[in-house]
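Novice: Before I ask anything, here is the structure I am working with.
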Amino acid sequence: MTAPHIVDPQTVLTEALGDASPDLMRDLLQTMINALLSADADAVVGAEWGKPSPDRVTQRNGYRHRDLDTRVGTIDVAIPKLRQGTYFPEWLMERRKRAESALITVVADCYLAVERASALAYFAALAVAEGDPRRPLAVAMAAAAAGDCARLVGRDGLQLHGGIGFTWEHDLHFHLKRAVTGELLFGTAAFHRTRAAELLGLATASEGAA
């Protein structure tokens, strides 16, 4: 007769994960990823680690450690090295780098748009305060840049934040609504660019209306 379990492993694991600290989740994730890497390297080698096999094509030769940033923190990834040939988990590392590069590019575009709009807004404010004759042009250029910036940052910011950007959990949707309302109240970026072109003699009012 089999003795009953004093502790139910499934219940204990469920409670542990439910109350898990970031350190526990990070350790579990690190263990799982390193186990997957070891199994993947075994497939490349043709045999399990430390076991003889006629299908073996090379041998392990230690590890090289890389940091992997995750939502539960930075984990230490142990990538197996081979005596002959190379092994690198592109499915884990390279795709993450490409995804991060894409996100960084979007953030950089938003940053440049904000810097450009801020510089033109400061110049317009200074021109108005000093009575500079260029103030109509400065205001039109600043309004066009601000309109483009508000649209770009609101749209891309919404995408970067994922589903939370569409809900009341985050204030981002307020900024996007403000950008749309600003266009209705003060004119679109295209309208102000046309105004700037008219002031520079590059377009006429009739062309702008068309």
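Every number in this text was worked out from the coordinates using simple rules, so none of it is lab data. Source: prediction; values computed, not measured. Cβ placement follows ideal geometry from the backbone for every residue including glycine, while neighbour counts extend to all protein chains displayed.
Novice: Amide H to amide H, which residues 5 or more places from Thr70 or on other chains are under 5 Å from it, using H placed in the peptide plane?
Specialist: Ile75
Novice: Ok, one more. Considering amide H positions built from the backbone, and no H for Pro or chain starts, which residues 5 or more places from Tyr63, or on another chain, come under 5 Å of its amide H?
Specialist: Residues meeting the amide H criterion: Lys81.
Novice: Also, I was wondering about something else. What's the exposure ranking of Ile33, Ile164, going from fewest to most Cβ atoms within 10 Å?
Specialist: So the ranking, lowest neighbour count to highest, is Ile164, Ile33.
Novice: Another question, if that's okay. Asp40 to Tyr111: FRET efficiency via 1/(1 + (r/R0)^6), r the Cβ-Cβ distance, R0 30 Å, to the nearest 0.05?
Specialist: Details: r = 38 Å, r/R0 = 1.25.
That pair, Asp40 with Tyr111, gives E of 0.20.
Novice: Given the Cα-Cα distance of Phe174 and Ala102 and 0.36 nm per residue of separation, how much length would full extension add, in nm?
Specialist: 23.4 nm
Novice: Fewest to most neighbouring Cβ within 10 Å: what's the order for Val107, Val139? The partial results should precede the final answer.
Specialist: Details: Val107 14, Val139 21.
Exposure proxy ranking, most exposed first: Val107, Val139.
Novice: Roughly how big is the range 96-209's charge dipole about its Cα centre, with Cβ charges of +1 (Lys, Arg) and -1 (Asp, Glu), in debye to the nearest 20?
Specialist: Here the size comes out at about 220 debye.
Novice: Taking square-rooted eigenvalues a ≥ b ≥ c of the alpha carbon gyration tensor, is the range 96-209 rounded, prolate or oblate, where a/c under 1.5 means rounded and, failing that, a/b exceeding b/c means prolate? Write out the running numbers ahead of the final one.
Specialist: Values: a/c = 2.20, a/b = 1.98, b/c = 1.11.
The shape class here is prolate.
Novice: What list of ³J(HN,Hα) values in whole Hz, one per residue of the range 191-199 in order, does the Karplus curve 6.51 cos²θ - 1.76 cosθ + 1.60 (θ = phi - 60°) give from phi, with Gly and Pro shown as x?
Specialist: 4, 6, 5, 5, 4, 5, 5, 5, 5
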